[in-house]
Amino acid sequence: MTDAKRVMTVKPRNAETPATQLRSWLTPNDAFFERNQGLQPDPPIDVETWSLRIEGEVVTPHTFSYADLLGMPKDTVANTLECSGNSRSLLKSKAAGNPWTIGGVGNAVWGGVALRHLLERVGLKASAKHVAFEGLDTPTGKAQIKFIRSIPLAKALDATLLAYEMNGEPLPPAHGFPLRSLALGWTGANCVKWLHRIRVLAHPHEGFFMDKVYRVFQKGMAPEEGTVVTGLTLKSIITQPLDGDQLPLGEILVLGAAYAGELEIADVAFSSDNGRSWQPTEFIGPREPFSWRQWRHIWRPTAPGDYTLLARASAVDGRRQPMDADWNVLGYGNNGVHEHGVRVHIG
Ligand SMILES: Nc1nc2c(c(=O)[nH]1)N[C@H]1C(S)=C(S)[C@@H](COP(=O)(O)O)O[C@H]1N2
Ligand SMILES: [Mo]
């Protein structure tokens, strides 16, 4: 059963990828985490009747069909997608939200059209500043608030993909079929599924999913005063061995991944003595912008006992993963080294 997703809520569906499925560079589509504020369109959207409308601060609003998009220049981009709340349950002091461990993340190769091409087609007015994305999922809760998120125009033009393929297959219904946005290197909340409308705005979109959540704030602050989540935080995870494993004394292959969104990982250090000393690790697998690096280390414990294993990533700009997470009310961006420690028993 270790390979099944861990379902946290059923309606809407929120489920995380098991650590065993985070050991390869590509996360299989059927193991990829699911995060939903609303209900997935059921039955799946029909591409014959579906369309994508682009309007707002544009010169010529336009409606694109699925065939129109397939006919445009195709981009294929590897991108690690992570939920802002990933690792929340590992925080030392509790934060509200889905209790993710490390599995609210995955890496895939996405096929689609750069949003820039569509924005060039419709033409931008001088007033264009933000780009809002709207999906076709059904809102839950009494207030019936749609999941609408906007990103700055610069990000929309530089590094945003409208994806219709995931790991070489049509985008699966759970991940936004027929089309989703991907603000490359940014948290999942900036990557709207079941996309059907894009509005170019003169200002950020205002609404629950912009102003009350997906912001980093402290107790006593209004959520609106917090900063909006954007790029993934610099982080490493250990995917083998698993927390609580009992292993015989001998050589142990330690596996993990490290990622930092728009920033490249420089190296990952490993400790088996709770951070007193550090050993280098070795990268394995592809190196692509916006994607995690897989790493490994051969650990040779010399005595039986209980050990805490830690991994610490550095980025090319010299930044290092913090030893302890910066706590915030909604528990976003947990990248603490200690929080991600794995305890094992040897012997
Ligand atoms: N339409 C829509 N898009 C959405 C969401 C949603 O609830 N509705 N959830 C967002 C969040 S918070 C995350 S983390 C990612 C998760 O993408 P996945 O389910 O494909 O892993 O989708 C994002 N896009
Ligand atoms: Mo998320």
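The values are calculated or read from the model by the stated rules, or taken from the named source; none is laboratory data. The model shown is predicted, which means the values in this text are computed figures rather than measured ones. Every residue, glycine as well, gets a Cβ built from its backbone with ideal geometry; the counts of neighbours run over all protein chains shown. Calculation scope for accessible area: heavy atoms of the full protein, side chains included, ligands and nucleic acids excluded. Shrake-Rupley method; radii C 1.70, N 1.55, O 1.52, S 1.80 Å.
List of remarks:
- From the C-alpha gyration tensor of segment 1-125, square roots of 5λ in Å: 34, 17, 16
- Heavy atoms of the protein chains alone define the surface here; on that basis the chain has 43 Å² accessible area per residue at 1.4 Å probe size.
- Accessible surface of the chain [probe 1.4 Å, protein heavy atoms]: carbon and sulfur percent: 54
- Cα gyration tensor shape for segment 137-266, rounded if a/c is under 1.5, else prolate or oblate: prolate
- In this Cβ point-charge picture (+1 for Lys and Arg, -1 for Asp and Glu), the chain has a dipole of about 600 debye about its Cα centre.
- Once divided by 2.2 N^0.38 Å, the Cα radius of gyration of segment 146-189 becomes 1.20.
- Among the GluC sites (Glu not before Pro) in segment 1-71, those placed in a DSSP loop whose Cβ has at most 16 other Cβ atoms within 10 Å are Glu48.
- Ranked by the mean number of other Cβ atoms within 10 Å of their residues, highest first, the peptides 116-127, 99-110 come out as 99-110, 116-127.
- Sites Asp68 and Leu39 - FRET efficiency at Förster radius 35 Å, r taken between beta-carbons, to 0.05: 0.80
- For the chain, the convex hull drawn through the C-alpha positions has a volume of 139 cubic angstrom per residue.
- Relative contact order of the chain, pairs being alpha-carbon contacts under 8 Å that are 6 or more residues apart, as %: 18
- Net charge of Cβ neighbours under 11 Å - reference Asn107; Lys, Arg +1; Asp, Glu -1: -1
- Theoretical FRET efficiency, 1/(1+(r/R0)^6), r = Cβ-Cβ of Asp158 and Ala303, R0 41 Å, to 0.05: 0.20
- D_trans [Stokes-Einstein, Kirkwood Rh over alpha-carbon pairs] for segment 231-327, 20 °C, 1.002 mPa s, µm² s⁻¹: 153
- Based on C-alpha pairs under 8 angstrom that are at least 6 apart in sequence, segment 235-346 has a relative contact order of 35 percent.
- Segment 108-184 shape via C-alpha gyration tensor axes, a/c threshold 1.5: oblate
- The slack between Val59 and Ala266, meaning 0.36 nm per residue of separation minus the straight C-alpha distance, is 70.2 nm.
- Packing-based ranking, highest mean first, of 154-163, 248-257 given that Cβ atoms within 10 Å are counted: 154-163, 248-257
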